[in-house]
Amino acid sequence: MRNLITYITVVINVIAMFSMIGGVLLHSGRGGGLSDMFGGGGGAALGSAAAERNLNRITTVLALTWIVTVIALGLLLA
């Protein structure tokens, strides 16, 4: 049973890791990212701020998921 939980935790960890990498790459730097990708150049689109806010929340949840799974793996493998 412990091996099954360890494998499930590793799978969740890897999925969270790659999703977090994708989320960070979608963030805007000094003028790019998700806001400009969908036509938000110059602040013309009002939806771009909401998209960035939601992307921040999703990335934060993915980062917390990754941290929790790393700690859980540390406890399971000890």
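Only residues that are surrounded by 12 or more Cβ atoms within 10 Å (Cβ to Cβ) and of a type in the set (D, E, K, R) were counted in segment 48-62, giving 1. On inspection, Ser48 qualifies as in a helix (DSSP H, G or I) and at pLDDT below 75.
The values are calculated or read from the model by the stated rules, or taken from the named source; none is laboratory data. Quantities reported herein were computed from a predicted structural model and do not represent experimental measurements. So basically every Cβ, Gly included, is an ideal-geometry build from the backbone, and we count neighbours across all protein chains shown.
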